[in-house]
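No value in this document is a laboratory result; all are computed from the given coordinates. Not measured: the values here are computed from a predicted model. Cβ coordinates were reconstructed from backbone atoms using ideal geometry, including for glycine residues, and neighbour counts include every protein chain displayed.
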Amino acid sequence: MVITGVESPRPEELKKYNKKLEVAEIREGIRVCHANGIMLRANYVIPPDYVADDFDSLAEFAAENSTSYAGYTILTPMPGTALYRQMEPEIIDHDLSKYNFFNQVLRTRLPREDFLNSVGGLWSIRTGTHVLS
């Protein structure tokens, strides 16, 4: 199994995450793994500014480019990093026990419950039960 940080199917987000791959190269990498019988776990990052259309776009990409496993983590600026300093004004929860990539500690565009429900919905893609809004 290969574990990889796909992060995002959007060029502008890949650039923010300092990824050097194009979306077409990510798709090709997934295809090559499949063609060679290599199980792949793709990990994606969910930034706090996602709205319903963003979640749907990510869900479509993940469904079209399926992997053996997929993980969806919430963008979490870790204390002591440049990202933390940059995003500090948007941090709404300073409880360090929640800095684990699965709790929402940043202000989101969607209401908190809607954002977390949308993140949770992404996890159903691997079982084929995801319903796009």
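Of all residues in segment 18-38, exactly one satisfies the criterion of being in contact with a strand residue (DSSP E or B) (Cβ under 9 Å, 6 or more places away or on another chain) and of a type in the set (Lys, Arg), namely 19. Do we have any residue at all in segment 10-17 that's touching a strand residue (DSSP E or B) at 6+ places or on another chain (Cβ under 9 Å), among the hydrophobic types (A, V, I, L, M, F, W, C) and either part of a loop (DSSP other than H, G, I, E, B) or exposed (fewer than 15 other Cβ atoms within 10 Å of the Cβ) (or both)? Within segment 10-17, none of the residues are touching a strand residue (DSSP E or B) at 6+ places or on another chain (Cβ under 9 Å), among the hydrophobic types (A, V, I, L, M, F, W, C) and either part of a loop (DSSP other than H, G, I, E, B) or exposed (fewer than 15 other Cβ atoms within 10 Å of the Cβ) (or both).
Residues in segment 85-109 that are over 24 Å from residue 42 (Cα atoms) and free of Cβ contacts under 8 Å to residues at least 40 places away in the same chain: 85, 86, 87, 88, 89, 91, 92, 93, 94, 95, 96, 97. Selection over segment 18-37 of residues that are in a helix (DSSP H, G or I), exposed (fewer than 12 other Cβ atoms within 10 Å of the Cβ) and among the small types (Gly, Ala, Ser) gives a count of 2.
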